[in-house]
Structures are given as C-alpha cells and as structure tokens.
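Since the structure comes first, as structure tokens, the remarks are kept for the end.
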Amino acid sequence: MMSKQTIWNHFDICKNNGKTFYFDSWYPKGIQFIEHFYDYINKKNYDFNHFSALHDIPNSDILKYHTLKISISPNIKSQMEVEDLCYTAPTYFF
C-alpha cells in the first residue's frame with residue numbers, strides 16, 4: 001500500500017534536488033507516512049490549515065508543508081486516490 005510508505009528519508013517518495021526530506025520537529029508528532037497528508041474522505045491532500053490543526057504544526061512551517069507536498073510524485077498521488085482506506089489518527093501517551 002502506498003499510503004503506508006514512510007515519508008522521511010525515502011528517496012523514491014520525496015526528494016528535492018536529489019536530497020530526501022526529514023523534519024525532526026514533525027516526526028515526534030506522528031507524521032511518518034504518506035497517509036498523514038491525505039484526506040481519504042475527499043480523495044485529496046489536506047490543505048495546510050487542516051493539516052496543521054490535525055498535527056499541531058506551527059503556521060511558520062507552511063513552506064515546509066508545501067515543499068514536501070509538491071515533492072510527492074504524481075504517480076504516488078494517483079495511487080493514493082484508488083486506495084480504499086480510512087485513516088485512523090495515532091494515539092499518543094502523555
């Protein structure tokens with residue numbers, strides 16, 4: 001399943017000028033897989049406002065979000081549209 005592919009440091013999924021991405025402030029918030037960017041109900045990527053509210057991302061990370069979002073290949077995006085999944089938010093222990 002494409003949605004369960006890790007997003008960080010995965011050369012085939014997200015890359016920019018040959019370099020992979022890793023945002024160390026996002027990983028502890030549970031953002032680990034492509035599915036964390038995708039709204040399965042509407043069959044499209046979350047907009048930044050919805051994404052930041054879901055994952056408690058500061059507004060100053062809007063450029064990080066858009067850079068990562070556009071780096072996901074069109075092939076992967078089209079595969080996500082046909083996956084019939086429901087995203088379950090991770091549970092955190094405080």
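Any read-out appearing in this document is the output of simple, stated calculations on the displayed coordinates, not a laboratory observation. Predicted model only: the values in this text are computed from it and were never measured.
Annotation: amide H-H contacts under 5 Å for TYR38 (H modelled 1.01 Å from N, sequence separation of 5 or more, or interchain): TYR46. Amide hydrogen proximity for THR20: with H placed 1.01 Å from N in the peptide plane, no residue at 5 or more positions away or on another chain lies under 5 Å. Per-residue Karplus couplings for region 42-47, computed as 6.51 cos²θ - 1.76 cosθ + 1.60 with θ equal to phi - 60°, are listed in order as 8, 6, 7, 5, 5, 6 Hz, Gly and Pro entered as x.
Around the amide H of PHE33, modelled in the peptide plane, lie the amide H atoms of ILE7, all under 5 Å away and 5 or more residues distant in sequence or on another chain.
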